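The values are calculated or read from the model by the stated rules, or taken from the named source; none is laboratory data. Not measured: the values here are computed from a predicted model. Note: ideal-geometry Cβ built from the backbone for every residue, glycine included; neighbour counts use all protein chains shown. Keep in mind that these areas ignore ligands, DNA and RNA; they rest on the heavy atoms of the full protein, side chains included. Shrake-Rupley method; radii C 1.70, N 1.55, O 1.52, S 1.80 Å.
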Amino acid sequence: MIYDFIVVGAGIAGASAAYALLETSPRGLKVLLLEREDIPGFHSTGRSAALYSETYGHPVISGLTRLSRPFFDQPPMGFSEHPILTPRGVMLAGDSTQAQEVEDLYNTFKDDVEGLKHISGDEALKLNPALKKEAVHSAMFESRAMDMDVNALHQGFLRGFKAKGGEVLNKAEVSSLERRGNIWSVETRAGEFQGGVVINGAGAWVDVVAEMAELSPLGFVPKRRTAFTFKGPESLDLSEAPMVVNVNEDYYFKPDAGVIIGSPADETPVPPCDVQPEELDIAIAVDLLQKATVFEISQILTKWAGLRTFAPDKVPVVGSAPAEDSFIWVAGQGGYGIMTSWGMARATALLALGMEFPGEFSDAGVTVNALSPMRFS
Ligand SMILES: Cc1cc2nc3c(=O)[nH]c(=O)nc-3n(C[C@H](O)[C@H](O)[C@H](O)COP(=O)(O)OP(=O)(O)OC[C@H]3O[C@@H](n4cnc5c(N)ncnc54)[C@H](O)[C@@H]3O)c2cc1C
């Protein structure tokens, strides 16, 4: 059997791209999704902070996020038993030395993001009373930011892909890729497979997979980010309070299912691996959070780290490799891979199937050139 497409990596990038191929193509395609681990979602996809925000990252990322929203708001019938998005809101807060940064950020997004507000410190404190007065002079408040059910979204893509005839193989680490004539031979721990086009959605390992195919790496850098949970004060009900991110992204905290998720928003470059949290990063975050908020963090309940993988210009990459049309990257999702997943998946499927981006993509500032790997050559 020769597959039309072989997708490497079943995190949110690979799973959503595989699903979008079958959703977009008018004819039945044969698509195989290969995952190294026992369970898809073991790496970055299972370790996120589960936020949807239209003001986070480069304007192209914001465009991809906005393109994803209608799908998240109203996924196809039977996609998920739970809503993908639930209200949260996010505040980008600055102290008196950061007023200009808050204003600049607001000006960058105010024309594209519905309901965005530039608010005073007092208004910010009413929205999230865990903040100390001196930590917030002004803030940008995005009321449309949402909590995401990442597991429901990821499982929905995988289940929907299989229901449309796609095949998923776990414990199938790709170890070599060879182009013979018009066909890729893909060797894995679970056997050898053949396909016309390879889609590289291997997260932190995308450059490793390209090198296996004897193609040039694009210079992706995986960066460790640490997160942990702790109990907030009994006296404050923060269940509906917005997430707070320092405008310079020095720390963030987010109420989540009765506890608080905290992070030092670290970005430490590391080789691709099953990354683990460092005690020092947690200590830094505890110190920053205790200075900016009323939290007294005496006990860490859970802790983890994950990789956010960035292209050299920090904008995600979708498109064919410079010297090889039959090798397509869907990579560099950084800290936005869940919220941009449907926009990225649609872009991947349209390019893979030789179709044009519809008008709504250019309206959102998402063009073939902006995503293309050719920009690095
Ligand atoms: C702490 C933290 C907080 C975050 N918060 C958010 C957030 O709030 N919102 C948001 O949108 N994003 C967030 N992100 C980013 C988001 O998690 C990532 O952008 C996204 O999960 C990347 O998905 P992926 O599929 O590219 O990578 P992964 O989930 O890592 O998937 C890649 C898969 O490829 C597989 N693979 C690799 N090599 C091979 C091979 N040779 N053969 C077979 N399979 C292979 C791996 O096993 C892995 O399962 C956060 C990330 C972190 C770490």
(Q) Let me confirm something: among Ala305, Ala370, which residue is assigned to a helix (DSSP H, G or I) and either more than 30 Å from Ala257 (Cα to Cα) or open to solvent by less than 20 Å² (accessible area, probe 1.4 Å) (or both)? (A) Ala370
Q. Could we say that Val244 is farther than 30 Å from Val102 by Cα, open to solvent by less than 30 Å² (accessible area, probe 1.4 Å) and at pLDDT 95 or above here?
A. no
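What about Gln98, is it touching a residue at least 12 places away in the same chain (Cβ under 8 Å) and out of contact with any Pro (no Cβ under 7 Å at 6 or more places or on another chain)?
Taking the combined requirement at face value, the residue satisfies it.
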Q: Would you check which residues across segment 46-62 are within 12 Å of the chain's Cα centre (by Cα) and either near the ligand (Cβ under 8 Å from one of its atoms) or surrounded by fewer than 19 Cβ atoms within 10 Å (Cβ to Cβ) (or both) and list them?
A: Gly46, Arg47, Ser48, Ala49, Ala50, Leu51, Tyr52, Ser53, Tyr56
Q.
Just the residues that are surrounded by fewer than 19 Cβ atoms within 10 Å (Cβ to Cβ), farther than 18 Å from Phe253 by Cα and polar (S, T, N, Q), please, taken from segment 83-123.
A. Ser96, Thr97, Gln100, Asn107, Thr108, Ser120
**Q.** Matching option when the condition is open to solvent by 40 Å² or more (accessible area, probe 1.4 Å), closer than 21 Å to Glu81 by Cα, in the same structural domain as Ser48 (by TED's automatic domain parsing) and modelled with pLDDT of 95 or more, among Arg159, Arg179
**A.** Arg159
Q | Test result for Lys171, open to solvent by 10 Å² or more (accessible area, probe 1.4 Å), in a strand (DSSP E or B) and within 27 Å of Pro277 (Cβ to Cβ) | A | no
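Kindly indicate which of Glu356, Glu278 is away from the ligand (no atom under 15 Å from the Cβ) and on the phi < 0 side of the Ramachandran plot. Before you say what the answer is, go through the steps one by one.
On the way: Glu278 fails: away from the ligand (no atom under 15 Å from the Cβ).
Within the list Glu356, Glu278, the selection yields Glu356.
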Q. Filtering segment 275-293 down to residues that are open to solvent by less than 70 Å² (accessible area, probe 1.4 Å) and in a loop (DSSP other than H, G, I, E, B), which residue is farthest from Thr348 (Cα to Cα)?
A. Pro277
Q: Can you give me the number of residues within segment 337-367 that are touching a Gly at 6+ places or on another chain (Cβ under 7 Å) and either farther than 23 Å from Ser53 by Cα or buried (at least 24 other Cβ atoms within 10 Å of the Cβ) (or both)?
A: 2
Q: Please specify each residue of segment 124-151 satisfying the condition of being under 21 Å from Ile260 (Cα atoms), surrounded by 14 or more Cβ atoms within 10 Å (Cβ to Cβ) and more than 23 Å from the chain's Cα centre (by Cα).
A: Ala124, Leu125, Leu127, Asn128, Pro129, Ala130, Leu131, Lys132, Ala135, Val136, Ala139
Q. Take the residues of segment 18-42 that are near the ligand (Cβ under 6 Å from one of its atoms) and surrounded by 24 or more Cβ atoms within 10 Å (Cβ to Cβ): which is farthest from Phe141 (Cα to Cα)?
A. Leu34
Q | Failed item, numbered, when Phe230 is tested on (1) open to solvent by less than 10 Å² (accessible area, probe 1.4 Å); (2) more than 14 Å from the ligand (Cβ to nearest atom); (3) not assigned by TED's automatic domain parsing to the domain that holds Thr268 | A | (3)
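Looking at segment 309-336, which of its residues are open to solvent by 20 Å² or more (accessible area, probe 1.4 Å) and within 15 Å of the ligand (Cβ to nearest atom)? Steps first, please.
Residues of segment 309-336 that are open to solvent by 20 Å² or more (accessible area, probe 1.4 Å), as a first pass: 312-314, 320, 322-325, 333, 335-336.
Correct list: Lys314, Gln333, Gly335, Tyr336.
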